[in-house]
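Here's the structure, in structure tokens; my notes come after.
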Amino acid sequence: MSGKPFLDTNVLVYAFTSDDPRNEDATDLLMAGGYVSVQVLNEFVNVSRRKHQRDWDEIVQSLETLKTLLRPPLPLTMDLHARGVEIAKTYRFKFYDSLIVAAAISAGCDDLFTEDLHHGQKIDGLTIRNPFR
């Protein structure tokens, strides 16, 4: 594993979903630390609330846990937005996936842990890895 990983939303969701078979791998990644963006936290809240029907107190507690385990989240900026657009155009990724890639590159991360993109693909020094394969 890299010294500077970026974690996508699905890693966070699985780490807080004890009845999911990916929970252990996701929890190990989370406990090792890494980077996320504000977008990842927004998506985590949305999935936790909409799909898992967690109450707000539980979601807030999860966010507090994330704050202690992870580096401060990267903000969404116009530069990040522009880089996301360029990545979406070049690699034909969905736009929101491209923003995740752009944030990981911006943070100087070596690896992006996600199940949403092409395992092993390299983009500007970033390697995409699916930890659940």
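Here are a few things to note about the model shown:
- Applying the set (1) under 18 Å from Ser18 (Cβ atoms); (2) in contact with a Leu (Cβ under 8 Å, 6 or more places away or on another chain); (3) not β-branched (Val, Ile, Thr) to Arg49 leaves exactly one unmet item: (2).
- Taking the criterion of being aromatic (Phe, Trp, Tyr) and over 21 Å from Leu126 (Cβ atoms), the only residue of segment 15-41 that qualifies is Phe16.
- Looking across segment 104-133, just one residue is surrounded by 22 or more Cβ atoms within 10 Å (Cβ to Cβ) and assigned to a helix (DSSP H, G or I), and that is Ala104.
- Among helices (runs of 4 or more DSSP H) entirely within segment 1-74, having at least 2 residues that are under 14 Å from Phe113 (Cα atoms) singles out 9-15, 23-32.
- Among the conditions (1) crowded, with 21+ Cβ neighbours inside 10 Å; (2) in contact (Cβ under 8 Å) with a residue 40 or more places away in the chain; (3) under 25 Å from Thr77 (Cβ atoms), the only one that Lys4 does not satisfy is (1).
- Close contacts from segment 52-77, counting a first residue that is in contact (Cβ under 8 Å) with a residue 24 or more places away in the chain and a second that is loosely packed, with under 14 Cβ neighbours inside 10 Å and part of a helix (DSSP H, G or I), with Cβ to Cβ under 7 Å and a gap of 6+ residues or different chains, come to Leu69/Met31.
- Val101 vs. criteria over 20 Å from Pro131 (Cα atoms), in a helix (DSSP H, G or I) and β-branched (Val, Ile, Thr): no
- Subset of segment 1-30 [of a type outside the set (A, V, I, L, M, F, W, C) and over 23 Å from Ile105 (Cβ atoms)]: Tyr14, Thr17, Ser18, Asp19, Asp20, Pro21, Arg22, Asn23, Glu24, Asp25, Thr27, Asp28
- Residue match in segment 81-98 (condition: in contact (Cβ under 8 Å) with a residue 40 or more places away in the chain, within 15 Å of the chain's Cα centre (by Cα), in a helix (DSSP H, G or I) and under 24 Å from Lys122 (Cα atoms)): yes
- Thr65 meets each of the listed conditions (1) touching a Leu at 6+ places or on another chain (Cβ under 9 Å); (2) loosely packed, with under 15 Cβ neighbours inside 10 Å; (3) within 13 Å of Asn10 (Cα to Cα) apart from (3).
- Residues that are of a type in the set (Val, Ile, Thr) and over 16 Å from Val36 (Cα atoms) within segment 48-78 comprise Ile59, Val60, listed in sequence order.
- The set of residues in segment 79-122 that are among the aliphatic types (A, V, I, L, M) and either modelled with pLDDT under 95 or under 18 Å from Val36 (Cβ atoms) (or both) comprises Leu80, Ile87, Leu99, Ile100, Val101, Ala102, Ala103, Ala104, Ile105, Ala107, Leu112, Leu117.
The values are calculated or read from the model by the stated rules, or taken from the named source; none is laboratory data. These numbers were taken from a predicted model, which means no experiment stands behind them. Note that each Cβ is placed from the backbone with ideal geometry, even for glycine, and that neighbours are counted across all protein chains shown.
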